[in-house]
1. Using the Cα centre of the stretch A:314-388 as the reference point, and only Cβ charges (+1 on K/R, -1 on D/E), how large is the resulting charge dipole? Debye, rounded to the nearest 20.
2. Under Stokes-Einstein, with the Kirkwood radius over Cα pairs standing in for Rh, what whole-number D in µm²/s applies to the stretch A:382-483 at 37 °C and 0.692 mPa s?
3. Give me the three principal axis extents of the stretch A:68-191 from the C-alpha atoms, as integers in angstrom, largest value leading.
4. Tell me, what ³J(HN,Hα) does each residue in the stretch A:437-452 have, in order and in whole Hz, if you take phi through Karplus 6.51 cos²θ - 1.76 cosθ + 1.60 with θ = phi - 60° and put x for Gly and Pro?
5. How large is the helix-only mean residue ellipticity at 222 nm for chain A, computed as the sum of -39500 (n - 2.57) over DSSP H runs with n ≥ 4, divided by its residue count, in deg cm²/dmol to the nearest 500?
6. Can you tell me the relative contact order of the stretch A:156-245? Whole percent, Cα pairs under 8 Å, sequence separation 6 or more.
7. Sort A:K564, A:K573, A:K169, A:K507 by Cβ crowding within 10 Å, fewest neighbours at the top.
8. If you rank A:E196, A:E443 by fewest surrounding Cβ atoms within 10 Å, what's the result?
Amino acid sequence: MNAATTYSPPYHRRHHQHHHFQLPPPQSQPSIVSIPTQKSILDLLNSKPATFSLQSLAQIHALALKTGHFHDHFVSGTLLKCYANPRFHNLDSAIQLFRNVPSPNVFVHNVLIKACLDNGEPLQAVWLYYELMMNDAKPNKFTYPTLLKACGDGGIVAEGKQVHCHVVKLGFAGDGHVKNAMIDGYFRCGDVGSAEEVFDEMEMPDRDEISWSVVIDGYIKSGFYKEALEVFNTMQSERIRPGKFVLTSVLAACAHLGALDHGRWVHAYVRRKKKSIVMDAVLGTALLDMYAKCGRLDMAWEVFESMKEKEVFSWNAMIKGLAMHGRADDAVELFFEMQRRKFRPNGITFIGVLNACAHSGAVEQALKLFNSMENVYNIEPEVEHYGCLVDCLGRSGRLEEAEELVNSMPIEPNPAVYGSLLGACRIHGNAELGERIGRLLLELEPNNSGRYALLSNIYAKAERWDDVAEVRKLMKERGVKTNPGSSMIELGGCVHEFKMGEGCHPKMKEIYSTLKVMIERLEMEGYVPNTSQVLFNIEEEEKETALQYHSEKLAIAFGFISTKPGETIRVVKNLRVCDDCHSAIKLISRVYGREIALRDRVRYHHFRDGTCSCKDFW
DNA sequence: CTAGGGTTAG
């Protein structure tokens, strides 16, 4: 606490500082007026609910009891709402208050249901709904949006469907708020079909901007990014004007897809409508994040600098953007800059900087930052932070220290932590540790195909083909589905997706022949396919074929036939890039004089003139 | 006096 800036009230005020609600002194008014009315209590509660202390609330509570106004449901409900403010973390006292309300009506029930939801107790909210029905307090149209949201948050589909039935039976199915909440709830429960059904049956004017927003966001949360953009297009063709909520969601979809042109369109739209669409911290952050994830760190920075309103998450997004592009020093510099601007780093900030260090081999820096978390910032490292550190140590070849950290960390390591260690074993060819960790992971996550692939690669690198075959067999026995590699490229306002060996693209013939010519040209330049990372011990020729058609190569070949010379080719891949593709693309960038920006599952690779921005460390 | 939508990290 800084004494110089602390305001000390005069002595007599200290004792009365909770009495903000005091009425004018009696001498200035007839004494009868000093008995608070119902309205004056409500005014007190509604004046500055965000700044109350619990004590002042308790005093108003006492006042309400003393004057008898507590019996009024408006008063007790509003009081309840104040107690339930999530910043108090004090849902229990709200519930206790509810128990003391004589025959609570719908309003009081509704407030408590919302209170449970806001305090992270969706199941309790649903339970209270049953209680409401038992109490004979008929639900009204205000009850259902909150309740449906609770079902969605709690992921309870069956109860949600029952609530849906109640909505219909009690005649609230025509309400726009209720329907939007229903769509949102179905999406949250993963029932995309039912969500679509409710939306499709809606008609104007119920189907408003919020309905579209819920659907677009629902698709994004379900991983259907292309569909989200399609819905956005339909929305515009129906002349519904998107506001900042929809635009923020759309930008998130663009970020995932690497759809730079779509994202730029949104940026231009926001600028054009700057009178009606205010660029707040959330929208600005979504915009800069889109640019960073679409490979335009320069534009991300420009947006970040121009943002008038920044929040911690804006700084986090920018730090993460720098990290993703391998700019560790700048990320760390920004981490200190945000503090000079009086922003407090949080746990996510540290994930960003630690990640940046991991991708540039800055082990000492990472250790220093990690140690400062508790010592300087009073942030308890979570399992993700340990994961970043394990990753950082492991990538740099300090495997013993990484393993030591995993064994000594004070919280239970999760599969991701072991995964980092396993990845490091692959990079550094440590089959002994890799085998132990790999076997452990195959038991912890028997359905994660990536783990089998890594372990198999480790065995392959050590030429232990029997073990490779055994892993393959195990995978087959357990019926594990492989996660196919897929690469996306946006061209002509359309996102194209390629999967290995898939031939359904209309220009597939041309793409394959272009790729064949390209690889022949590379081979003349001395390129030899590097097959060490191919999953299984298949015949050498077969391996080469498989490599040739890795999805990023297909996407790049398509980029070549669809762009002008000199244009950067931008590709987004769902998995990590393999050694072979990485060296092939380096060569392509030199031989064809093209810049290629490839985002893999964790970072960007900017290929230019035969080199990669990751300096071959990834 | 009560009800529906957006951001960063894994």
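Each value in this text was obtained by applying a stated rule to the coordinates, not by laboratory testing. This is a predicted model, so every value here is computed, not measured. When we count neighbours, we look across all protein chains shown, and the Cβ atoms used for this are built from the backbone with ideal geometry, even at glycine.
1. Result for the stretch A:314-388 is approximately 300 debye, rounded to the nearest 20.
2. On the way: Rh = 13.6 Å.
It comes out at roughly 242 µm²/s.
3. Taking max minus min along each principal axis of the Cα atoms, the stretch A:68-191 gives 46, 30, 23 Å.
4. Per residue, the Karplus-derived 3J(HN,Hα) values read 5, x, 4, 4, 5, 5, 7, 5, 10, x, 9, 8, 5, x, 5, 4 Hz.
5. The helix-only estimate for chain A comes to -19000 deg cm²/dmol at 222 nm.
6. 23 percent
7. Arranged by neighbour count, lowest to highest, A:K564, A:K573, A:K169, A:K507 become A:K564, A:K169, A:K507, A:K573.
8. A:E443, A:E196
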